[in-house]
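Asker: Sending over a structure as structure tokens; questions will come in a sec.
Derivation of every value follows stated rules applied to the coordinates shown; laboratory data play no part. Keep in mind it's a predicted model, so treat the numbers as computed, not measured. Here the Cβ positions follow ideal geometry from the backbone for every residue, glycine too, while neighbour counts run over all protein chains shown.
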Amino acid sequence: MRAEVIQFLSIIPFGLIQEEVLNFLQFELANLIGFQARIFNAQPIPQYAFDSKRNQYHSTRILENLKQIKSRGELILGIMDADLYVPELSFVFGEANILDSVCIISIMRLRQEYYGLPENNTLFLERILKEAIHEIGHTYGLAHCDNPKCIMHFSNSLRDTDTKGPGFCFGCEMKVK
Ligand SMILES: [Zn+2]
Ligand SMILES: [Zn+2]
């Protein structure tokens with residue numbers, strides 16, 4: 001069990017994130033989790049987490065920092081348009097610590113253009129929402145799920161992300177409740 005009752009969600013953009021993306025997340029996530037979501041002013045890109053050899057940001061270090069600034073009852077979702085990593089993997093779409101009320105996602109690899117494909121804004125927003133729900137699911141104590149259609153299925157490629165739905169499978173849904 002989480003040690004605190006979550007009362008509100010804070011969406012913290014690091015660097016420039018389109019307003020459309022932030023408003024979309026605010027609306028959809030507030031609907032999903034049933035409490036208020038607010039958008040913070042953009043924060044500077046966290047240079048302390050930058051690895052110049054990898055040209056990526058270490059997500060775990062950003063989470064540690066978010067834990068420090070978090071207030072009681074707050075669930076923080078960080079969002080960045082730069083690449084994230086953990087040492088064991090070449091990149092991550094996002095990271096959360098199980099039962100800690102902080103998580104972060106990167107939207108950089110969620111655009112079709114990143115792969116040289118034509119822009120598709122609907123798909124882009126859908127992927128962002130899926131990644132956000134996935135990370136928030138971890139903060140509710142959910143681990144990765146074997147069901148490829150479940151939002152808690154691990155995804156390390158966009159194929160995985162596009163295969164899964166935005167919802168929890170029955171088993172995961174029961175655990176969240
Ligand atoms: Zn995960
Ligand atoms: Zn599941």
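Asker: Please return the longest range in the chain lying between exposed loop sites, taking GluC sites (Glu not before Pro), DSSP loop only, at most 10 other beta-carbon atoms within 10 Å, and leaving the sites out.
Answerer: For GluC sites (Glu not before Pro) (loop position, at most 10 other Cβ atoms within 10 Å), the longest site-free span of the chain is 1-87.
Asker: Report the semi-axes of the equivalent ellipsoid for the chain in whole Å, largest first, where each axis is √(5λ) for an eigenvalue λ of the Cα gyration tensor.
Answerer: Working: eigenvalues 94, 80, 55 Å².
Over the Cα atoms of the chain, the ellipsoid semi-axes are 22, 20, 17 Å.
Asker: Would you mind counting up the charge near ILE45? Only other residues with Cβ under 14 Å from its Cβ, with Lys and Arg at +1 and Asp and Glu at -1.
Answerer: Once all neighbours under 14 Å are counted, the net charge is -2.
Asker: Between beta-carbons, use under 10 Å as the cut-off and find the net charge around CYS103, counting Lys and Arg +1, Asp and Glu -1.
Answerer: Net of charged neighbours comes to -4.
Asker: Another question, if that's okay. Taking Cα pairs under 8 Å and at least six residues apart, what relative contact order does region 8-143 come out at, in percent?
Answerer: 23 percent
Asker: If the cut-off is a Cα-Cα distance under 17 Å, which aspartates and glutamates reach LYS53, setting aside same-chain residues fewer than 8 apart in sequence?
Answerer: Qualifying aspartates and glutamates at Cα under 17 Å: ASP83, GLU88.
Asker: Same structure, new question: On a C-alpha basis, how far is the centre of region 136-155 from the centre of region 27-57 in Å? Whole number, if you could?
Answerer: 20 Å
Asker: According to a simple spin-label model (label point 7 Å from Cα along Cα-to-Cβ), what is the distance in nm between ARG2 and THR122?
Answerer: The modelled label-to-label distance comes out at 3.2 nm.
Asker: Would you grab the residues whose amide H sits under 5 Å from the one on ILE79? Only those 5+ places off in sequence or on another chain, please, with H modelled 1.01 Å from N.
Answerer: Residues meeting the criterion, in which the H sits 1.01 Å from N, are ILE12, PHE14, ILE105.
Asker: Run the numbers for ALA30 and MET174: contour at 0.36 nm per residue of separation, minus the present Cα-Cα distance, in nm.
Answerer: 49.9 nm
Asker: Give the aspartates and glutamates reachable from LYS70 as a straight Cα distance under 15 Å; neighbours fewer than 8 places away on the same chain don't count.
Answerer: The reachable aspartates and glutamates, counting only those whose Cα sits under 15 Å from LYS70, are GLU4, ASP100.
Asker: Let me ask another. Using the basic label-point model (7 angstrom from Cα toward the beta carbon), what is the VAL86 to LEU99 distance in nanometres?
Answerer: Going by the 7 Å Cα→Cβ label model, 1.6 nm.
Asker: Work out the FRET efficiency for MET108 and ASP162 from their Cβ-Cβ distance, taking R0 = 22 Å, and round it to the nearest 0.05.
Answerer: The value I calculate is 0.85.
Asker: Under the rule of -39500 (n - 2.57) per DSSP H run of 4 or more residues, summed and divided by the residues of the chain, what mean residue ellipticity at 222 nm is obtained, to the nearest 500 deg cm²/dmol?
Answerer: For the chain, the value works out to -10000 deg cm²/dmol.
Asker: Please give the net charge around TYR85, taking every other residue with its beta carbon less than 10 angstrom from that of TYR85, where Lys and Arg add +1 and Asp and Glu add -1.
Answerer: -3
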